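A short write-up of the structure that comes next.
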């Protein structure tokens with residue numbers, strides 16, 4: 001079984017959860033909208049989540065910006081983005097599954113950068129919190145981070161991203177072990193970085 005989730009990952013969503021503001025009038029409509037998806041996902045807990053996101057110059061700086069990258073580590077620390085790390089668990093990786101995805105994508109003519117050491121920022125932790133708002137000591141599944149460059153020109157074209165998605169789906173389906181896999185697609189869907197509508 002494979003299922004997917006698409007969501008914004010603005011850091012203020014994580015901050016609203018971290019500071020118990022989800023019932024405030026400003027935030028309640030958003031979190032009420034997440035409720036049906038959360039209920040469904042709680043009944044269909046994946047073994048592994050593949051999170052397609054972008055780093056915000058927290059783990060990858062401007063000196064090296066891969067177009068597409070995959071984390072293949074056993075675990076991923078939560079990045080300090082300037083105000084301390086989010087109070088969420090360390091992200092546990094799925095190295096064998098990651099290695100399979102890398103090999104399959106390379107065989108499909110994608111030149112993938114592989115991270116054996118990667119700190120994950122709000123681009124990854126916010127979607128996990130949307131899925132699982134109260135993880136306790138650990139997230140309910142392992143995670144494979146898939147990074148897409150959106151911070152430095154030239155960025156991959158929409159057609160190339162679509163091709164990556166198709167190849168990623170084929171790679172997931174070809175894994176020999178029977179796993180439940182969730183695929184998260186996340187990014188800046190409607191927010192300004194500055195200005196009158198910043199954060200909305």
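Values quoted throughout were computed directly from the atomic coordinates according to the rules given, and no laboratory measurement underlies them. These numbers were taken from a predicted model, which means no experiment stands behind them. Cβ atoms come from the backbone with ideal geometry, glycine included; neighbour counts cover every protein chain shown.
Stretching the chain fully between residue 96 and residue 19 yields a gain of 24.2 nm (0.36 nm per residue, less the alpha carbon separation). Note that the chain, at 37 °C in a medium of 0.692 mPa s, gets a Stokes-Einstein diffusion coefficient of 189 µm²/s from its Kirkwood radius over C-alpha pairs.
Of the residues 68, 175, 97, the one that moves most in a GNM of the chain with alpha-carbon contacts below 10 Å is 175. Peptides 25-37, 118-130, 137-149 ranked from most to least packed give 118-130, 137-149, 25-37, packing being the mean of other C-beta atoms within 10 angstrom over each peptide's residues. You can think of it this way: the chain between residue 166 and residue 111 has 18.3 nm of extra reach, that is 0.36 nm per residue less the Cα-Cα gap. Per-peptide packing, taken as the mean over residues of other Cβ atoms within 10 Å, places 84-94, 50-60 in the sequence 50-60, 84-94 from highest down.
Here the spin labels are modelled as points 7 Å beyond Cα on the Cα-Cβ line, and at residue 77 and residue 42 they lie 3.3 nm apart. For residue 63 and residue 35, the difference between the fully extended length at 0.36 nm per residue and the C-alpha to C-alpha distance is 6.1 nm. Which angle from 0 to 90°, rounded to the nearest 10, does the C-alpha axis of helix 122-131 make with the longest principal axis of the chain? Approximately 70 degrees, to the nearest 10. With the largest listed first and rounded to whole Å, the semi-axes of the equivalent ellipsoid of segment 1-78 from the Cα gyration tensor are 27, 20, 11. Of the beta bridges in the chain, as assigned by DSSP with both residues counted there, near 15 percent are antiparallel.
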